[in-house]
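The values are calculated or read from the model by the stated rules, or taken from the named source; none is laboratory data. Everything quoted here is computed from the prediction, not taken from an experiment. Here the Cβ positions follow ideal geometry from the backbone for every residue, glycine too, while neighbour counts run over all protein chains shown.
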């Protein structure tokens with residue numbers, strides 16, 4: 001069965017063959033709320049599966065990148081470490097690299113709006129993944145804990 005993927009959530013997405021009303025549901029049973037088509041014995045396989053075309057993940061335009069880096073003072077939006085700061089990983093020196101991060105994960109928003117970008121270090125971007133947080137403070141708190149866990153496990157060191 002084809003499923004629509006929204007972040008880490010998979011849902012069945014169907015359209016009513018009678019009125020084309022879309023419905024996201026967790027079962028294969030479909031009864032249209034608009035026209036009443038179907039019954040509880042009708043399986044979703046009889047319906048056309050509609051999945052919206054995915055957005056294309058991009059990086060911000062150069063002028064937006066410059067504005068973001070200037071406003072963040074050349075530091076990671078989440079952990080405030082300066083880019084190019086050395087750290088140890090797997091017994092060799094690595095440097096914090098700039099990753100263009102969506103504050104609200106792309107997998108949820110499917111947009112690349114200019115106000116949703118942040119210059120993130122590669123580690124924060126990796127730790128954050130596509131988790132969704134209530135606010136930036138909650139995200140920073142989570143990332144600082146992830147940094148500490150990685151340091152405690154000797155996965156990285158400063």
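Listed here are the residues, each with its yes/no results for (1) within 23 Å of residue 147 (Cβ to Cβ); (2) in the same structural domain as residue 144 (by TED's automatic domain parsing); (3) part of a loop (DSSP other than H, G, I, E, B).
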site	(1), (2), (3)
56	no, no, yes
66	no, yes, no
84	yes, yes, yes
104	yes, yes, yes
111	no, yes, yes
119	yes, yes, no
126	yes, yes, no
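Looking at region 99-155 only, could you name the residues that are within 21 Å of residue 74 (Cβ to Cβ), touching a helix residue (DSSP H, G or I) at 6+ places or on another chain (Cβ under 6 Å) and surrounded by fewer than 15 Cβ atoms within 10 Å (Cβ to Cβ)? Scanning region 99-155 gives a single hit, 114.
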